[in-house]
Amino acid sequence: MSDLRDQILALEQTSRELEPDAKARAYVRDKVINYTENFLDNIHDSNVWNESLEKGIGLYDDPVSEHPTGIEKLMESFEENVNAPHLNAASGGHLGYVPGGGLYHSALGDYIADVTNNYAGVFYASPGAVRMENMMIRWMSELVGYPKKAVGNLASGGSIANLTAIVTARDAHQIKGKDYERTVIYASDQMHHCLDKAIRIAGLGEVILRHLPLDDGYRIIPEKLDEIISEDKASGLKPFLVIASAGTTDVGAIDPLEDIGVIAKKHNLWYHIDGAYGAFFALLEEGKKKLKGIEMSDSLVMDPHKGLFLPYGLGVVLVKEAKFMLESHHYQANYMQDARDAGDEYSPADLSPELTKHFRGLRLWLPLKVHGLIPFRACLQEKLFLARYFREEVGKLPNVEIGPEPDLSITYFHYVPEHGNANEFNEELLNLIRTDGRVFLSSTLLDGKFVIRFACLSFRTHLDRVDLLLTLIKEKIALLEAQFA
Ligand SMILES: *Cc1c(COP(=O)(O)O)cnc(C)c1O
């Protein structure tokens with residue numbers, strides 16, 4: 001017996017290394033804080049893109065082993081192998097894809113969440129954590145005009161949030177395997193690809209997916225939608241779901257949300273809106289007008305790690321009718337019997353595929369409360385104006401074609417060169433801008449045309465960066481024209 005006690009005590013000595021004392025904590029904390037402070041102090045002057053040949057391969061030189069490595073060495077390796085190579089997604093020079101953010105107070109929220117390790121999955125364990133998450137969901141519901149009784153979930157990102165919505169829609173309409181041949185989903189080919197993925201993961205890969213005709217601004221044409229649904233019904237098919245975008249990824253277009261809502265209701269379809277990029281523009285009067293009809297949807301996705309500038313790791317799904325979300329996600333088990341007391345709040349575990357989860361509410365609550373909403377609204381308005389300004393200014397350059405007036409903060413341009421292949425020229429132009437390192441743009445193909453996108457959503461992007469970009473574009477065009485001539 002005492003033998004076992006001795007062994008346990010011996011192990012305890014070593015296992016206690018996992019619990020650093022105050023002095024040891026201060027030591028690592030200082031190193032980490034020095035590192036992050038240095039990162040933030042320099043972020044305005046650091047490159048957004050650092051070309052790297054090694055691409056972080058050096059990490060493998062120091063594999064996980066039995067023995068500890070000093071924090072100094074680890075931070076050095078992190079900087080060299082992880083932080084430095086390629087895209088600095090926290091930079092204000094990030095104007096590609098849909099930029100993210102990295103609000104500092106979110107990082108502190110995560111820090112508190114991780115140190116205290118509150119269990120935010122079920123009300124029974126941490127009613128306050130669950131209330132905080134539900135309070136954030138109610139705030140977002142109110143923002144988009146959803147009713148008070150709407151529910152939702154703080155997921156890891158827009159893709160998972162969209163998946164949760166599609167699964168909920170599937171079950172709400174009781175779509176079964178035997179129905180697949182006849183079941184129809186309506187969407188635009190400008191829909192984000194995570195929804196194609198979600199449809200398949202939800203087991204709906206075999207249903208009919210109709211890509212709808214689009215107008216000049218890449219928006220769904222509601223009359224066509226109405227016609228196609230009617231034809232499908234007449235031929236014995238089962239229209240099930242229509243998906244619209246509140247801000248597409250390619251060009252930032254908002255589908256006619258209200259008109260689509262009326263048609264969805266008329267034909268009894270589930271109406272899902274993907275607002276991962278655009279929905280938080282509802283914080284502006286201008287955005288509210290443009291997003292009119294968003295409240296008619298049955299489910300909606302919005303990404304705080306885009307439109308509220310949070311660090312990566314938070315996408316939200318809202319569902320108007322609680323019963324549908326519960327039907328798909330509420331399960332019980334014997335070992336959970338003590339946790340059944342749901343109190344007066346839904347638990348995240350009953351509304352999502354997750355049980356144990358990161359306490360994501362805190363990373364949203366803290367910055368919103370510390371800053372108040374005023375700077376968030378200003379920042380979103382600034383992004384809208386910057387996109388308008390950029391489009392106007394780039395359009396003044398000779399031989400530059402621009403897209404239509406942007407709905408939100410994404411716009412694009414295409415240079416028509418004096419000589420040579422236009423697509424190749426634009427691709428080369430994009431490469432030259434990227435390798436300069438100070439501004440990061442991305443591209444897309446619109447009807448076969450290679451266009452360069454300007455997607456403005458980082459809270460660190462301001463007028464000086466956009467002016468720098470305009471100068472760069474002029475410079476690089478001149479350089480390439482000289483080469484191609
Ligand atoms: C970013 C985005 C997504 C995917 O969200 P993630 O958070 O990247 O998973 C979906 N739809 C739209 C419109 C997006 O912009």
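What number of residues within the range 334-359 satisfy the criterion of being crowded, with 18+ Cβ neighbours inside 10 Å and of a type in the set (Phe, Trp, Tyr)?
2
When Leu362 is evaluated against the numbered criteria (1) open to solvent by 20 Å² or more (accessible area, probe 1.4 Å); (2) part of a helix (DSSP H, G or I), which criterion, by number, is the only one it fails?
(1) is the only condition that Leu362 fails.
Quick check on my filter: what residues within the range 399-438 are under 27 Å from the mean Cα position of the chain (by Cα) and either surrounded by fewer than 15 Cβ atoms within 10 Å (Cβ to Cβ) or among the aromatic types (Phe, Trp, Tyr) (or both)?
Across the range 399-438, the qualifying residues are Pro404, Glu405, Tyr412, Phe413, Glu427, Asn431, Thr435.
Can you name every residue in the range 441-485 that is β-branched (Val, Ile, Thr) and either open to solvent by 60 Å² or more (accessible area, probe 1.4 Å) or within 30 Å of Leu310 (Cα to Cα) (or both)?
The answer is Thr444, Val451, Ile452, Thr461, Val466, Thr471, Ile473.
Of all residues being part of a strand (DSSP E or B) and not β-branched (Val, Ile, Thr) in the range 255-296, which is surrounded by the most Cβ atoms within 10 Å (Cβ to Cβ)? Just the residue, please.
It comes out as Asp274.
Got a sec? Which helices (runs of 4 or more DSSP H) wholly within the range 115-231 have at least 1 residues that are touching a Gly at 6+ places or on another chain (Cβ under 6 Å)?
127-143, 158-172
Does Ala172 satisfy the criteria of being open to solvent by less than 30 Å² (accessible area, probe 1.4 Å), modelled with pLDDT of 95 or more, within 16 Å of the ligand (Cβ to nearest atom) and not charged (D, E, K, R)?
When the stated conditions are applied, Ala172 does not pass them.
Which of the residues that make up the range 91-122 are among the small types (Gly, Ala, Ser) and either away from the ligand (no atom under 16 Å from the Cβ) or free of Cβ contacts under 8 Å to residues at least 12 places away in the same chain (or both)?
Ser91, Gly92, Gly93, Ala107, Gly109, Ala113, Ala120, Gly121
For the range 58-88, name all the residues that are open to solvent by less than 70 Å² (accessible area, probe 1.4 Å) and in a loop (DSSP other than H, G, I, E, B).
Correct list: Asp62, Thr69, Gly70, Ala84, Pro85, Asn88.
Let me confirm something: among Glu206, Glu227, which residue is more than 16 Å from the ligand (Cβ to nearest atom), modelled with pLDDT of 95 or more and touching a helix residue (DSSP H, G or I) at 6+ places or on another chain (Cβ under 8 Å)?
Glu206
Please find, within the range 244-270, the residue that is nearest to the ligand (Cβ to nearest atom) out of those that are under 30 Å from Gly448 (Cβ atoms) and of a type in the set (D, E, K, R).
By that ranking, first place goes to Asp250.
Search the range 449-485 for residues being touching a residue at least 24 places away in the same chain (Cβ under 8 Å) and among the small types (Gly, Ala, Ser), and hand back the single one that is farthest from Glu405 (Cα to Cα).
Ranking the qualifying residues of the range 449-485, first place goes to Ala485.
Since Gly252 meets every condition but one in (1) in contact with a strand residue (DSSP E or B) (Cβ under 7 Å, 6 or more places away or on another chain); (2) closer than 19 Å to Met302 by Cβ; (3) open to solvent by 20 Å² or more (accessible area, probe 1.4 Å), which condition does it not meet?
Of everything listed in (1) in contact with a strand residue (DSSP E or B) (Cβ under 7 Å, 6 or more places away or on another chain); (2) closer than 19 Å to Met302 by Cβ; (3) open to solvent by 20 Å² or more (accessible area, probe 1.4 Å), Gly252 misses just condition (3).
Confirm whether Tyr277 is under 18 Å from Leu380 (Cβ atoms), among the aromatic types (Phe, Trp, Tyr) and within 13 Å of the ligand (Cβ to nearest atom).
Judged against the criteria, Tyr277 is a match.
Of all residues in the range 374-383, count the ones that are open to solvent by less than 50 Å² (accessible area, probe 1.4 Å) and more than 18 Å from the chain's Cα centre (by Cα).
The number of residues fulfilling the criteria is 1.
Going residue by residue through the range 283-306, is there one that turns out to be among the β-branched types (Val, Ile, Thr), within 13 Å of the ligand (Cβ to nearest atom) and touching a residue at least 40 places away in the same chain (Cβ under 8 Å)?
Yes, the range 283-306 has at least one match.
Within the range 376-386, is there a residue that is over 25 Å from Val451 (Cβ atoms) and without any contact (Cβ under 8 Å) to a residue 60 or more places away in the chain?
Yes: one or more hits.
So, of the residues in the range 307-332 that are within 13 Å of the ligand (Cβ to nearest atom) and among the β-branched types (Val, Ile, Thr), which turns out to be farthest from Asn162 (Cα to Cα)?
Among them, the one singled out is Val316.
Could you check the range 129-148 and list, in sequence order, the residues that are open to solvent by less than 50 Å² (accessible area, probe 1.4 Å) and not hydrophobic (A, V, I, L, M, F, W, C)?
Scanning the range 129-148 gives Glu133, Asn134, Ser141, Gly145, Tyr146, Pro147.
Before we move on, is Pro239 surrounded by 20 or more Cβ atoms within 10 Å (Cβ to Cβ) and either of a type in the set (Phe, Trp, Tyr) or away from the ligand (no atom under 16 Å from the Cβ) (or both)?
So Pro239 passes the test.
Could you list all residues from the range 180-207 that are crowded, with 17+ Cβ neighbours inside 10 Å and more than 24 Å from the chain's Cα centre (by Cα)?
Thr183, Val184, Val207
The values are calculated or read from the model by the stated rules, or taken from the named source; none is laboratory data. This is a predicted model, so every value here is computed, not measured. Cβ coordinates were reconstructed from backbone atoms using ideal geometry, including for glycine residues, and neighbour counts include every protein chain displayed. In case anyone asks, the SASA skips ligands and DNA or RNA and just uses the protein heavy atoms, side chains included. Shrake-Rupley method; radii C 1.70, N 1.55, O 1.52, S 1.80 Å.
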